[in-house]
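J.: One structure, as structure tokens, below. Some questions next.
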Amino acid sequence: MDEIYHALPNWAQDVLVTLGLLTPLLVVGLIVLRGFHVGPLLLGLLRRQVWISAVFTALIAVSVALGTGLIAQERGLRQGTARAADKFDLVIAAPGSEITAMLAAVYLQPSDLPLLDGATYAEIAAHPRVSLVAPLGFGDSWRDAPVVGTTAGFVDHLSEGLAAGRPFTAEDEAIAGARVALEIGDSFAPAHGVGDAAEHGAHGDFAYRVVGKMPMTGSPWDRALMVPIESVWSVHGLANGHGPDWDGDIGPPFSPAHFPGTPAALVRAESLGATYSLQAEFSTAQTMAFFPGSVLARLHALMGDIRQVMSVLAVITQVLVTAGVLAGLMMLTRLLARRLALLRALGAPRRFVFALTWSYAATLILTGAAIGLLLGIAASFAIAAAITARTDIVVAATLGWPEIHLVAGFVSLTGLLALLPAYLTMTRPVITDLRG
Amino acid sequence: MTGHAQKLEVSSLTVTGDGGRRLLCVDSLTIAAGSAVVVRGPSGAGKSTFLYALAGMIAPETGQIRWGETDIAPLPEPARAAFRRRNMGFVFQEHLVFEELSAPENAAIAALYSGRADRGRIRDRAAAELARLGLDGVGTRRSDTFSGGERQRIAVARALAGGPGIILADEPTASLDRDNADRLARDLVTLARTEGRTLIAVSHDPALHERADRLIDIVDGRLLEAADG
């Protein structure tokens, strides 16, 4: 059985899980409603208690929306951050925090990192299994856009071909990320530092001219300006990475003696096996080599644990809200007591009254859950857009099977809980209720 | 199809309320099948309790309530409800109808909880009873848009839609104006007589008393007088 299940495509497994979660509700529904036609009275009760029904439905919808929105958002964020790190196979930095180095190198978060020296960089660059190595120099900005010093090779690797223009070939040329408000031909003067602490004019009259535009990458690099690493070093009064015999062509090779240091270097190996080998080789007392994907996976695992806790909390919240709603329904059934007593006085089976009350509760639960699912997705879209705007990591919020499973489980569980108020209506005294 | 009118035989019936207080005590009573009987008495005398006991809505402490061949007193509640569903129509005092439903839906309410085979028959009969009571062509109007008299006629149509042999009515004219009360009293008795149903109504209304075959008085839970009308 297990083998058959695992042989199924993922979507079929998800459909089966959903059906499995809904089965208790479906079975109960079939048993409870068997032989009865509650539709007209049910619609009548809903019409009669339209505002109370709407409030209960809204409460359920909000609780479901919180749960589904949370899960969809977490998944979207996880996928978005992973996608943003796709191009960063291996990062080598001076020993320190892998997470800090990853946040700086991949997500361009301002950080204070120790530097790799020229000899180490040269050793990496000269390694026979390295196909690309690029220094990454941070610290300058233009408006909200970080200015990152690197090489044309890195820009080509990141962009897989520019959307417009050409690579930089001189120290005063720059490539603009897709979301930077600069076009080819525009000039900008870099400020020292980022954010409110940025010092404008710290680099004198030095200005860059945009010569190329990156395509969208769905990463924070879309809002970055990439410039030759030589210029970053130069404007800070450092050597520009090349010796006195430099021919003036920017980019590698760099002279170890004139290499001021880099917080991180992106490394691309000739093969996947070589990447692992390089990671092992450069994990030393002087260097820290890490896979951003692996660091991210650890973070995601942590987020996953948090997600599981939050999912449980979301379910508990939903169940508590529904328990509150069901308690409200019990009070509501007191408002309906005379009508339910009338049915029994007319000879309606107790089971019919039970079915009517249960189907009323089930209708509120199903409607609330459906609206909540839609609200959750809508809220998730809004939050995803806000996160994308703030971090430039493209977070795609979509309706996924985990949300559907959550809602299916919730609907089934609360549908079963709704049997309780339905049962209580069955046990009420007919004559007392009939007399009001 | 109309249910058979049924003879009622009550013996040694006692109904007690909270704290063991005796609400009703009937030594012996027989009501012939097809007769129209009105029960009267002061407020709190036990008239409604008597009616509800006859309907099987109250389980008596002791005694027999025999409708035809069936003694409903010892039956469990679901069986009494089933007997009521198959054999009785009930009209309540305050024109109790489902206000958000239309007149035809109200009159055919039993179709919602009856077997599939009976649903069509109940709906046809409900429509016919509504027509007989002057409420044909009311369409899908919600019942709360009808006057009190019209609503009580809807309730009568509902009581008759299952084709019961027994009609029980608790102060059916009490909340109506004189004209509507007269009309309903006439309709109830006429409908019972023309189709040979047993009608037992609790009522203070002289219009019903005049039309009854028999009047029964209840005082302090006891049948003090049972006079042929």
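J.: Report the FRET efficiency, 1/(1 + (r/R0)^6), for A:ALA378 and A:ALA181, where r is their Cβ-Cβ distance and R0 is 30 Å, rounded to 0.05.
T.: On the way: r = 29 Å, r/R0 = 0.98.
After rounding, the FRET efficiency stands at 0.55.
J.: Starting from 0.36 nm per residue, how many nanometres of slack lie between A:ASP156 and A:ARG129 once their C-alpha separation is accounted for? Write down the numbers at each step before the final one.
T.: Numbers: separation 27, 0.36 × 27 = 9.72 nm, distance 1.95 nm.
Working it through step by step, the gained length comes to 7.8 nm.
J.: Let me ask another. Using the Kirkwood radius built from alpha carbon pairs, what does the Stokes-Einstein equation give as D for region A:90-290 at 20 °C and 1.002 mPa s, in µm² per second?
T.: The diffusion coefficient I find is 127 µm²/s.
J.: What accessible surface, in Å², does a 1.4 Å probe find on B:SER43, ignoring ligands, DNA and RNA and rounding to the nearest 10?
T.: Using a 1.4 Å probe on the heavy atoms, I get roughly 110 Å².
J.: Next question, about the same structure. At q = 0.21, 0.23 Å⁻¹, what log₁₀ I(q)/I(0) does region A:14-139 have when each alpha carbon counts as one equal point scatterer in the Debye sum?
T.: -1.29, -1.36
J.: Another one. Which whole number in µm²/s is D for the protein assembly as shown by Stokes-Einstein, with the Kirkwood Rh taken over Cα pairs at 10 °C and 1.306 mPa s?
T.: Values: Rh = 31.6 Å.
After rounding, the answer is 50 µm²/s.
J.: Given R₀ = 35 Å, what would the calculated FRET efficiency be for B:HIS204 paired with B:GLU69, taking r from the Cβ atoms and rounding to 0.05? Working shown, then result.
T.: Values: r = 33 Å, r/R0 = 0.95.
Result of the calculation: an efficiency of 0.60.
J.: Using a loss threshold of 30 Å², tell me which positions in region A:11-56 are less accessible in the complex than in their chain alone. Probe radius 1.4 Å, ligands and nucleic acids ignored.
T.: A:GLY35, A:HIS37, A:PRO40, A:LEU41, A:ARG47, A:ARG48
J.: A further question on this structure: At 0.890 mPa s and 25 °C, plugging the Kirkwood radius over alpha-carbon pairs of chain B into Stokes-Einstein gives what diffusion coefficient in µm²/s? Intermediate results must be reported in sequence, preceding the final value.
T.: On the way: Rh = 17.7 Å.
It comes out at roughly 139 µm²/s.
J.: Here's another thing I want to ask about it. Along the Cα-to-C-beta direction of A:LEU238, a point sits 7 Å from the Cα; which residues of region A:185-205 have their amide N less than 15 Å from that point?
T.: A:192-193
J.: Within region A:377-419, name every residue whose backbone N is under 16 Å away from a label modeled 7 Å from Cα of A:LEU8 along the Cβ vector.
T.: Zone members listed by number: A:401-402, A:404-406, A:408-409.
J.: Suppose R0 equals 60 Å. What FRET efficiency, 1/(1 + (r/R0)^6) with r the Cβ-Cβ distance, do A:ALA189 and A:ASP305 give to the nearest 0.05? Provide the component values of the computation, followed by the final result.
T.: Details: r = 46 Å, r/R0 = 0.76.
Computed FRET efficiency for A:ALA189 and A:ASP305 comes out at 0.85.
J.: Would you mind giving the total buried accessible surface between chains A and B, with a 1.4 Å probe and ligands, DNA and RNA left out, rounded to the nearest 100 Å²?
T.: 2400
J.: Can I ask one more? Keeping all protein chains in place and using 1.4 angstrom, which order do B:ARG186, A:ARG338 fall into by accessible surface area, from largest down? Don't skip to the end; give the middle numbers.
T.: Details: B:ARG186 110, A:ARG338 70 Å².
My answer, sorted largest first, is B:ARG186, A:ARG338.
J.: Additional query: Pop a pseudo-label 7 angstrom from the Cα along the beta-carbon direction at both B:ALA131 and A:ARG428 and give the gap in nm to one decimal.
T.: 3.7
J.: Looking at region B:60-160, which GluC sites (Glu not before Pro) are DSSP coil and have at most 12 other C-beta atoms within 10 Å of their C-beta?
T.: Here the GluC sites (Glu not before Pro) that fit, given the DSSP loop and packing criteria, are B:GLU69.
J.: How far, in degrees from 0 to 90, does helix A:292-335 lean away from the longest principal axis of the Cα atoms of chain A, to the nearest 10?
T.: Around 20 degrees separate the two axes.
J.: Which whole-number value in Å² is the accessible area per residue of the protein assembly as shown, probe 1.4 Å? Numbers along the way, then the final one.
T.: Details: 28480 Å² over 665 residues.
On a per-residue basis, 43 Å².
J.: Restricting to region A:90-290, compute how many DSSP beta bridges are antiparallel as a %, nearest 5.
T.: Working: 27 of 35 bridges.
Among the beta bridges of region A:90-290, antiparallel pairing accounts for roughly 75 percent.
J.: Treating the angle as unsigned and between 0 and 90°, give the value, to the nearest 10°, between the Cα long axis of helix A:272-281 and the longest Cα principal axis of chain A.
T.: Its long axis makes an angle of about 70 degrees.
J.: Lysines near A:LYS87 by alpha-carbon distance under 26 Å, same-chain residues fewer than 8 away left out - which ones?
T.: A:LYS87 reaches A:LYS213.
J.: Roughly speaking, to the nearest percent, how much of chain B's 1.4 Å accessible area is carbon and sulfur?
T.: On the way: 4230 of 9140 Å².
Carbon-and-sulfur percentage of accessible area, whole number: 46.
J.: Another question about this same structure. Using 7 Å Cα-to-Cβ label points, what is the A:ALA285/A:ILE316 separation (nm, one decimal)?
T.: Result: 4.9 nm between the two label points.
J.: How many nm is it between the label spots at B:ASP27 and B:ARG214, if each spot is 7 Å from the Cα in line with the beta carbon?
T.: Label at B:ASP27, label at B:ARG214, 1.7 nm between them.
J.: Quick check: Cα centre of region A:249-293 to Cα centre of region A:182-247, how many Å?
T.: After rounding, the separation between the Cα centres reads 22 Å.
J.: Keeping every protein chain in place, order B:GLU195, A:GLU123, A:GLU3 by accessible area at 1.4 Å, biggest value first, i.e. largest first. Write out the running numbers ahead of the final one.
T.: Numbers: B:GLU195 55, A:GLU123 105, A:GLU3 155 Å².
If we order B:GLU195, A:GLU123, A:GLU3 from most to least accessible, we get A:GLU3, A:GLU123, B:GLU195.
The values are calculated or read from the model by the stated rules, or taken from the named source; none is laboratory data. All of these numbers come straight from a predicted model, not from anything done at the bench. As a convention, Cβ positions derive from the backbone with ideal geometry for all residues, glycine included, and neighbour counts pool all protein chains shown. Calculation scope for accessible area: heavy atoms of the full protein, side chains included, ligands and nucleic acids excluded. Shrake-Rupley method; radii C 1.70, N 1.55, O 1.52, S 1.80 Å.
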